[in-house]
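Readers should treat all values here as calculations from the given coordinates under stated rules, not as data from a laboratory. Everything numeric in this text was worked out from a predicted model, so none of it was measured. Here the Cβ is made from the backbone with ideal geometry for all residues, glycine too, and neighbour counts use every protein chain on show.
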Amino acid sequence: MTRKLLLDKVNVEGIAGYDVYRKNGGYRSVEKALKTMSPDEVVEEVKKSGLRGRGGAGFPTGMKWSFLAKPEGVPRHLLCNADESEPGTFKDRYLMEKIPHLLIEGMIVSSFALGANQSYIYIRGEYMYVLRILEKAIAEAYANGWLGKNILGTGYDLDLSVTPGAGAYICGEETALIESLEGKRGNPRIKPPFPAVKGLWQRPTVVNNVETIAAVVPIVNDGGEEYAKIGIGRSTGTKLISAGGNINKPGVYEIEMNITVEEFIYSDTYCGGIKNGKRLKACVPGGSSVPILPHYLVCKTAAGEDRLMTYESLADGGFATGSMLGSGGFIVYDEDQCIVRNTWNFTRFYHHESCGQCSPCREGTGWMEKVLHRLEYGHGKMEDINLLWDIQRKIEGNTICPLGDAAAWPVAAAIRHFREEFEWHVNEPKACMERNYGLVTEKTFETATA
Amino acid sequence: MSETTHSQVSFSDELLKEVNRVIGQFPEGKQKSALIRVLHIAQAEFGWLSVPVMDYVARLLHIQPIEVYEVATFYSMYDTKPVGKVKLEVCRTGPCMIEGAEKIVKYIEDKLGIQDGETTADGIFTLKTVECLGACGYAPMLQAGEKYHEHLTEAKVDELIEAYRKNPVANYMGQESNLNTAKS
């Protein structure tokens with residue numbers, strides 16, 4: 001049976017309220033950390049746990065924390081990134097709505113570890129009703145002495161509030177988030193300086209994803225070593241996966257990072273297989289920005305090994321034959337789905353969400369959207385496919401923030417694995433409007449780039 | 001809907017109290033951080049963000065009007081033109097498209113006789129397609145005010161349009177949780 005560390009109590013009646021949460025062991029980690037541990041000891045446990053950022057990048061959390069500058073007399077801040085906007089991802093919303101006190105508990109322990117006395121949860125504006133759930137939970141935490149001055153008589157002070165965005169994917173990028181929290185447009189900053197040195201109001205700042213901060217609670221309760229026992233290799237602990245697309249059981253699942261992709265898609269514990277008895281065509285395992293995998297690379301790696309739901313295994317083969325765990329936004333496509341249409345849809349998203357600061361992204365995303373639109377609607381030319389390849393290569397790595405990369409990767413992967421489907425759109429413009437190409441045939445991996 | 005600006009702009013005492021609570025979440029001198037929240041409050045109160053509304057917000061926060069304009073025009077949730085009382089914001093991205101978002105949009109367009117981005121003549125509904133709202137497992141979906149309507153069908157769209165037509169208040173605050181669909 002899979003161990004659950006974050007969602008184990010999620011179905012307990014009334015767990016969103018303080019009393020039930022507390023009765024079920026809530027806020028134990030705050031008692032333990034504040035009364036028996038030093039801040040550095042908490043950081044040490046997080047390092048031992050091997051916890052990696054759950055927002056998408058997978059950077060080791062303990063290491064990120066250890067980079068935080070601590071100049072004398074300058075306040076530091078912990079910001080929680082609840083700007084969940086990566087298409088395919090809805091796990092943080094689920095966690096915050098179902099068990100809001102877990103995030104607040106994690107914020108208290110993490111803020112203590114970092115020596116922050118004023119922390120913020122930045123939540124996307126569309127989740128306004130979740131903001132209200134969090135505000136209610138924060139008020140309960142204040143009323144019960146877990147926030148405010150001199151928490152548990154230990155002399156540690158912490159103020160926590162939640163503040164909204166207003167509709168901008170880019171604010172999930174940490175420096176854009178900081179800009180937005182300062183009441184500005186969400187334009188990412190040039191790094192360095194990194195937020196760990198100059199972040200919110202030019203003060204040392206750590207930005208962590210909702211799920212990352214929640215995971216600190218079981219790490220403090222049970223110890224980093226216990227946490228690290230779950231999973232495989234550098235993919236330790238559990239991960240929330242948001243499963244959507246053509247599957248029987250969409251939803252949020254907490255998995256131990258050791259199960260196979262095959263089990264995740266086909267077992268009744270998780271996705272329950274492809275809907276309507278269709279065949280699997282493709283999968284985007286980590287949110288819209290990660291490379292799409294054709295059916296023959298979803299459950300097996302190019303070397304023929306079972307692919308696992310881990311950072312390493314999903315990335316096995318690099319971008320040539322692999323993808324990324326990303327944010328855990330797991331989108332499954334059946335044989336009726338059109339890859340060109342899907343790529344156009346994603347590219348329209350990135351064009352819409354580009355902040356406009358860097359020309360490769362601002363111009364390139366719109367250009368790709370137009371080219372993909374004409375391919376999808378039967379007006380494409382064969383050279384458009386190479387043109388797309390060329391544009392995405394000129395975006396990747398040439399922008400201030402990773403939105404450019406996020407826009408380039410899905411286009412590159414779609415052409416790499418589904419070039420025949422793009423060609424079919426050019427050759428059969430009428431047919432492509434009426435029906436779909438079907439499964440991509442198995443092919444060698446070298447044909448990818450032109 | 002016919003109004004093209006606001007002549008009388010001021011918050012009630014209750015809203016001013018809320019604004020001050022929000023400002024109080026930030027350190028002295030960092031009141032600009034309250035801007036995004038205060039614009040949400042202003043939009044809920046006045047329907048949309050006209051220049052007089054934005055200027056009022058600038059005065060409340062002791063910042064320059066341009067600092068408000070540039071934020072109001074950057075974020076997709078803000079309306080700098082008049083909109084209907086109920087905005088039907090249909091997610092069109094990835095998983096929602098797979099599950100039939102385009103059909104839902106077309107259905108609403110036909111039913112209300114408006115296109116994406118337009119408002120009905122009676123000023124009640126505005127239809128808007130939006131990017132991913134984080135409901136991919138419960139697609140297709142739309143947001144009206146703060147409420148998420150998920151697993152949409154044509155019948156469900158009929159129902160909710162009927163309900164909003166009778167009681168066109170989607171932009172209210174303090175709504176209770178509405179998601180109970182996910183399995184864990």
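One table, with the values for the structure above:
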| read-out | value |
| --- | --- |
| Chain A, helix-only ellipticity at 222 nm - DSSP H runs n ≥ 4, -39,500 (n - 2.57), divided by all residues, nearest 500 | -12500 deg cm²/dmol |
| Kirkwood Rh and Cα Rg combined as Rg/Rh, segment A:115-171 | 1.07 |
| Reach of A:Lys184 by Cα under 20 Å, taken over aspartates and glutamates that are not fewer than 8 positions away in the same chain | A:Asp83, A:Glu84, A:Glu126, A:Glu173, A:Glu174, A:Glu353, B:Glu28, B:Asp55, B:Glu67, B:Glu70, B:Asp79 |
| Proximal lysine pairs, segment A:339-448, alpha carbons under 21 Å, eight or more residues apart or interchain | 5 |
| Chain A, Cα convex hull volume normalised per residue, Å³ | 134 Å³ |
| Inter-label distance for A:Lys430 and A:Ala143, nm, one decimal - labels placed 7 Å from Cα along Cα-to-Cβ | 6.9 nm |
| Amide H partners (placed H, <5 Å) of A:Asp316, local residues excluded | A:Ser323 |
| Those lysines that a straight Cα-Cα span of less than 18 Å connects to A:Lys70, excepting residues fewer than 8 apart in one chain | A:Lys198 |
| Spherically averaged projected area in nm², based on the convex hull that wraps the Cα atoms of segment B:86-166 | 4.5 nm² |
| Chain lengthening between B:Tyr69 and B:Ala163 when straightened (0.36 nm per residue, less Cα-Cα) | 30.4 nm |
| Loop-located trypsin sites (Lys or Arg not before Pro) in segment A:138-242, at most 15 other Cβ atoms within 10 Å (DSSP) | A:Lys229, A:Arg234 |
| Pairs beyond 24 Å (Cα-Cα), from A:Lys191/A:Lys239; B:Lys85/B:Lys128; B:Lys85/B:Lys106; A:Lys149/A:Lys239; A:Lys98/A:Lys229 | A:Lys191/A:Lys239; A:Lys149/A:Lys239; A:Lys98/A:Lys229 |
| Equivalent-ellipsoid semi-axes of segment A:18-229, from the Cα gyration tensor, Å, largest first | 24, 20, 17 |
| Segment A:1-128: C-alpha pair distances exceeding 23 Å, % | 38 percent |
| Cβ neighbours within 10 Å from other chains - mean over A:298-309 | 0 |
| Gyration tensor verdict on segment A:320-450 (Cα atoms; rounded if a/c is under 1.5, prolate if a/b is larger than b/c, oblate otherwise) | prolate |
| Per DSSP, loop GluC sites (Glu not before Pro) in segment A:1-95 with at most 11 further Cβ within 10 Å | A:Glu13, A:Glu72 |
| Fraction of the pair-distance distribution of chain B above 31 Å, Cα-Cα pairs, percent | 23 percent |
| Per principal axis, descending, Cα span of segment B:13-72 in whole Å | 28, 25, 14 |
| Largest-first principal axis extents of the Cα set of segment A:258-304 (Å) | 25, 22, 18 |
| Average partner coverage of A:195-203, which counts Cβ from other chains inside 10 Å | 1 |
| Inter-centroid distance (Cα atoms) of segment A:46-84 relative to segment A:100-133, Å | 14 Å |
| Under the Debye formula (equal points on every Cα, no solvent term), log10 I(q)/I(0) of segment A:1-52 at q = 0.19, 0.25, 0.26, 0.31 Å⁻¹ | -0.84, -0.99, -1.00, -1.08 |
| Two-site FRET efficiency, A:Glu383 against A:Arg279, from Cβ-Cβ distance with R₀ of 41 Å, rounded to 0.05 | 0.80 |
| Span per principal axis, largest first, for the Cα atoms of segment A:92-218 (Å) | 41, 31, 25 |
| Cysteines not pairable in chain B (beta carbon separation under 4.7 Å absent) | B:Cys132, B:Cys136 |
| Hull-based mean projected area of segment A:161-211, where the convex hull spans the alpha carbons, in square nanometres | 3.7 nm² |
| Part-to-part distance (alpha-carbon centres) for segment A:165-199 and segment B:11-42, which is given in Å | 20 Å |
| Cα Rg over Rh - segment A:182-236, Kirkwood | 1.15 |
| Relative pair counts by distance (%), Cα atoms of segment A:232-334, 10 Å bins | 18, 56, 26, 1 |
| Residue mean of other protein chain beta carbons inside 10 Å, A:337-349 | 3 |
| Under-5 Å amide H pairs with B:Val130, H placed in peptide plane, nonlocal only | B:Val90, B:Cys91, B:Arg92 |
